[in-house]
Amino acid sequence: MLSQKLSIESKILKFLFEPKYKYKGMSVSILGLPAIFPYKKQSINNALYRLNKSGYISKKNSIILLSQNGRKYVENKKVRLVTFDSPFQKAAPKNLLVMFDIPETKKAEREWFRYHLKEFNYEMIQRSVWVGPSPLPKDFLDYINEIKLKECIKTFKLAKSYNI
């Protein structure tokens, strides 16, 4: 799996939700180095302020903890945190048509799905009709089934490759 292009807030929440090691309340790498991101200190402070204001983290002295609300938020939005590598070459023939109708109540999942179609070198024909290489990766399809999107998605193998 590849790490998705997440907002700094999402990265902080994921980081706090899945810490590896801790030193004085801060998650660190196996070498004891802070496992933070390539952002300016002020950007991280601003993101921490917004997360604290939203009730997703709590600060006690110099320790930052993921709150119960933050844990629920991350668990509910974990679909945005799971990413997949593209197994396709840029020039792979586009011979699979993907059509989907993901309800508005699953907006995060729909955006996640579109993001991955782009990552898999699919081209958008219409907002919910895409064409690209086949077959979709098995672990990706398994995850779609796990998050209950399978019934919202239809795929059709094209007789000949689609040319844009």
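By per-residue mean of other Cβ atoms within 10 Å, what is the highest-first order of 151-162, 113-124?
Top of the packing list down: 113-124, 151-162.
Between VAL82 and GLU104, 0.36 nm times their residue separation minus their Cα-Cα distance comes to what?
5.9 nm
What does the charge add up to near TYR122, with Lys and Arg as +1, Asp and Glu as -1, over the other residues with Cβ less than 15 Å from its Cβ?
+4
Pulled fully out, how much extra length does the chain show between LEU65 and ASN163, if you take 0.36 nm times their separation in residues and subtract their Cα-Cα distance?
Roughly 30.2 nm would be gained on extension.
If you average over every viewing direction, what projected area does the convex hull of the Cα atoms of region 53-164 give, in nm²?
Reported value for the Cα convex hull: 9.1 nm².
Compute the distance in nm between two label points, each set 7 Å from the Cα along the Cα-to-Cβ direction, one at ASN145 and one at ALA91.
About 3.5 nm separates the two model spin labels.
Principal axis lengths of region 107-164 from Cα atoms, whole Å, largest first?
32, 21, 19
Where a number appears in this text, it was derived from the coordinates with a stated rule and is not lab data. Computed from a prediction, not measured in an experiment: that's the story for all the values here. So basically every Cβ, Gly included, is an ideal-geometry build from the backbone, and we count neighbours across all protein chains shown.
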